[in-house]
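The values are calculated or read from the model by the stated rules, or taken from the named source; none is laboratory data. Computed from a predicted structure; not experimentally measured. In this analysis, Cβ positions are derived from the backbone assuming ideal geometry, glycine residues included, and neighbour counts consider all displayed protein chains.
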Amino acid sequence: DTEVTQTPKHLVMGMTNKKSLKCEQHMGHRAMYWYKQKAKKPPELMFVYSYEKLSINESVPSRFSPECPNSSLLNLHLHALQPEDSALYLCASSPQGSETQYFGPGTRLLVL
Amino acid sequence: QKEVEQNSGPLSVPEGAIASLNCTYSDRVSQSFFWYRQYSGKSPELIMSIYSNGDKEDGRFTAQLNKASQYVSLLIRDSQPSDSATYLCAFPGWSSASKIIFGSGTRLSIRP
């Protein structure tokens, strides 16, 4: 298995909903990342997990809550989002000792 | 000064010609540089990485790095319509190798 998978592909949610995004990789990578990307902008880093521990939090609002249950799985829990949070949410992973990041297909999120 | 500067384009190149994409950076410490290709609505895909001064060739793609001038470029030979995409240069941040700094991306259009 040589890819990063993300579910769901698309998500529409209201501002009072609670939902979760899921990311999975079975390449043995020990670093996993969440990015947010708005149209015509580069990806913006949100969180980095290294060996299942949160190592970077780019001052993301608490309505986004990451979780890394094991070395293959990364979740992003969403609660009370705002319409401006609508974006493409990308997960990535990288092998130990490497700076190269491999991206999943993303989840396109629309907050109404 | 921004850490990474890229011309946002769009850059229009006729099919079969050479497309030249450029990126300048302000961080003198970085040792690794990456080029990602992103099709509209899709996630970034790593196409080239370069670590040493000089040229690195992979098929129709050539990455060029000049650390003294803080300049990295991507040449695409024999451009095809399928090369039409946004190209993002990236490198690890000085504060943490886990943090990738992305350029704003150059939109490339190959006209038949």
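Under the condition of being of a type in the set (A, V, I, L, M, F, W, C) and in contact with a Leu (Cβ under 7 Å, 6 or more places away or on another chain), which residue from segment A:79-102 is nearest to residue B:45 (Cα to Cα)?
The qualifying residue nearest to residue B:45 (Cα to Cα) is A:91.
Just need a number here: residues in segment B:68-95 that are over 11 Å from residue B:33 (Cβ atoms), polar (S, T, N, Q) and in a strand (DSSP E or B).
Qualifying residue count for the region: 1.
Given the criteria modelled with pLDDT under 90, touching a strand residue (DSSP E or B) at 6+ places or on another chain (Cβ under 7 Å) and in a loop (DSSP other than H, G, I, E, B), does residue A:2 qualify?
Against the criterion (modelled with pLDDT under 90, touching a strand residue (DSSP E or B) at 6+ places or on another chain (Cβ under 7 Å) and in a loop (DSSP other than H, G, I, E, B)), residue A:2 does not qualify.
What number of residues within segment B:27-57 satisfy the criterion of being under 30 Å from residue A:107 (Cα atoms) and either modelled with pLDDT under 90 or of a type outside the set (Lys, Arg) (or both)?
Number of matching residues: 17.
Of all residues in segment B:25-43, which are crowded, with 19+ Cβ neighbours inside 10 Å and touching a Gly at 6+ places or on another chain (Cβ under 9 Å)?
Within segment B:25-43, B:25, B:30, B:36, B:38, B:43 meet the criteria.
Among the residues of segment A:54-84, how many are in contact (Cβ under 8 Å) with a residue 40 or more places away in the chain and not in a strand (DSSP E or B)?
The qualifying residues number 6.
Conditions (1) more than 14 Å from chain B (Cβ to nearest Cβ); (2) touching a Lys or Arg at 6+ places or on another chain (Cβ under 9 Å), marked per residue:
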{"site": "A:15", "(1), (2)": "yes, no"}
{"site": "A:28", "(1), (2)": "yes, no"}
{"site": "A:44", "(1), (2)": "no, yes"}
{"site": "A:47", "(1), (2)": "no, no"}
{"site": "A:59", "(1), (2)": "no, no"}
{"site": "A:100", "(1), (2)": "no, no"}
{"site": "A:106", "(1), (2)": "no, yes"}
{"site": "A:109", "(1), (2)": "no, yes"}
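What is the number of the single condition among (1) among the hydrophobic types (A, V, I, L, M, F, W, C); (2) more than 15 Å from the chain's Cα centre (by Cα); (3) away from chain B (no Cβ under 14 Å) that residue A:39 does not meet?
Condition (3) is where residue A:39 drops out.
Answer with yes or no whether residue B:69 is buried (at least 19 other Cβ atoms within 10 Å of the Cβ) and over 23 Å from residue A:94 (Cα atoms).
When the stated conditions are applied, residue B:69 does not pass them.
For segment B:38-56, give me each residue that is away from every other protein chain (no Cβ under 11 Å) and among the acidic types (Asp, Glu).
B:55
Within segment A:5-46, how many residues turn out to be closer than 19 Å to residue A:95 by Cβ and without any contact (Cβ under 8 Å) to a residue 24 or more places away in the chain?
Count: 1.
Give the residues of segment A:83-99 that are exposed (fewer than 15 other Cβ atoms within 10 Å of the Cβ) and either modelled with pLDDT under 95 or touching a Pro at 6+ places or on another chain (Cβ under 6 Å) (or both), sorted by residue number.
Answer for segment A:83-99, where residues must be exposed (fewer than 15 other Cβ atoms within 10 Å of the Cβ) and either modelled with pLDDT under 95 or touching a Pro at 6+ places or on another chain (Cβ under 6 Å) (or both): A:95, A:96, A:97, A:98.
Hey, could you check segment B:26-67 for residues that are without any contact (Cβ under 8 Å) to a residue 12 or more places away in the chain and not in a strand (DSSP E or B) and say which is farthest from the chain's Cα centre (by Cα)?
The selected residue is B:41.
When residue A:97 is evaluated against the numbered criteria (1) out of contact with any His (no Cβ under 6 Å at 6 or more places or on another chain); (2) in contact (Cβ under 8 Å) with a residue 12 or more places away in the chain, which criterion, by number, is the only one it fails?
(2)
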